[in-house]
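A short worksheet on the structure shown next.
The values are calculated or read from the model by the stated rules, or taken from the named source; none is laboratory data. Worth saying up front: this structure is predicted, and the values here are computed from it rather than measured. Cβ: placed from backbone, ideal geometry, glycine included. Neighbour counts: every protein chain shown.
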């Protein structure tokens, strides 16, 4: 058997599968991000103040960009071969390395984190560049994309040898480059017919991408549950208030799951590059908000018998509010069938109103269990409307099955 059978070229965009299912390799790959995200959440839960919140946001953006870069490469160019497995496992080693230094990535662990992140970026830069080597039609996109990521990689690697005052400015510049790359390519495509065609192919959101981003949402929602457990195990004497706080924390995770998966994951974005990029990028604040909520719940359980400090209240209520507001924005670019538009219209209004109210609850200084109960109570309103979408879809499926029988 020829080596090429096992070590295949990157999949060409024109050969992208429309009805592809997420592979077990991708599921395994995502698991290493569970550890990395948990480290960031744990670091934030131990230091709830504006400075550490800002550091958390910055580091989460870096990790999210890394995940999206690796995920979309596999979505567009991955194969079921030894080459894909080899480079996926190589990425996992570097992400695990990031997790080792994540807790102190802004201070003592900065050098280790920067080197691991640079190694990760270098692997992805090589992979994206090779797509253009094996598919000349893809070069108008792959070449500028690879060059930009190579520059980002160099900034991270170079930060190791730079003064500390420059280090995080270089990280920020690298982060900015990674974020604006798709926007620059979008502008480039208008002047290049070949690039426009390639970008149209790559920008389409298929079922496998929806499934993969849904799996990321499950990972970050799992962090809320882990935070509840971590918060309770950190208490030496479990009181009724602690138990109620844990129960309400679990209900927050369940409510966010219900809202996202009934409103968002059941529908595709409308057919345009702008809505596709909007759909992708809107998942950044949504997942960030969920992870931050997990860190806030640890803090809430710690103060279950008293009142949460002001920053803890704003972290928890603000992060849940941010998640709902961004879910509302995401709902505006979905392709909604006519029979669900009325429910989605009211559901989106209720979702953003609930998000605003949730964000404002942080200004109220009340006993922790009551504070959490108010959050859950507000969250239940959009849950009701998302449940209506689920019920309508379920009834439609049952009617279809009965008609076929």
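In this entry, residue 374 passes the filter for residues that are surrounded by fewer than 21 Cβ atoms within 10 Å (Cβ to Cβ), over 29 Å from residue 271 (Cα atoms) and free of Cβ contacts under 8 Å to residues at least 60 places away in the same chain. For segment 326-337, the condition holds for no residue, the condition being that it is outside any helix (DSSP H, G or I), in the same structural domain as residue 277 (by TED's automatic domain parsing) and within 29 Å of residue 300 (Cα to Cα).
Residues that are outside the structural domain of residue 317 (by TED's automatic domain parsing) and within 17 Å of residue 120 (Cα to Cα) do occur in segment 49-59.
None of 93, 86, 147, 101 is over 21 Å from the mean Cα position of the chain (by Cα) and either more than 25 Å from residue 199 (Cβ to Cβ) or not in a helix (DSSP H, G or I) (or both) except 86. Could you grab me the full set of residues in segment 132-144 that are part of a helix (DSSP H, G or I) and either surrounded by fewer than 23 Cβ atoms within 10 Å (Cβ to Cβ) or not assigned by TED's automatic domain parsing to the domain that holds residue 161 (or both)? Selection gives 132, 133, 134, 136, 137, 139, 140, 143, 144.
Residues in segment 1-54 that are at pLDDT 90 or above, out of contact with any helix residue (DSSP H, G or I) (no Cβ under 8 Å at 6 or more places or on another chain) and closer than 30 Å to residue 309 by Cα: 51, 54. The condition of being under 22 Å from residue 175 (Cα atoms) and assigned to a helix (DSSP H, G or I) holds for only one of 27, 36, that being 36.
May I ask you to verify whether residue 366 is surrounded by fewer than 18 Cβ atoms within 10 Å (Cβ to Cβ) and in a loop (DSSP other than H, G, I, E, B)? Answer is yes for this residue.
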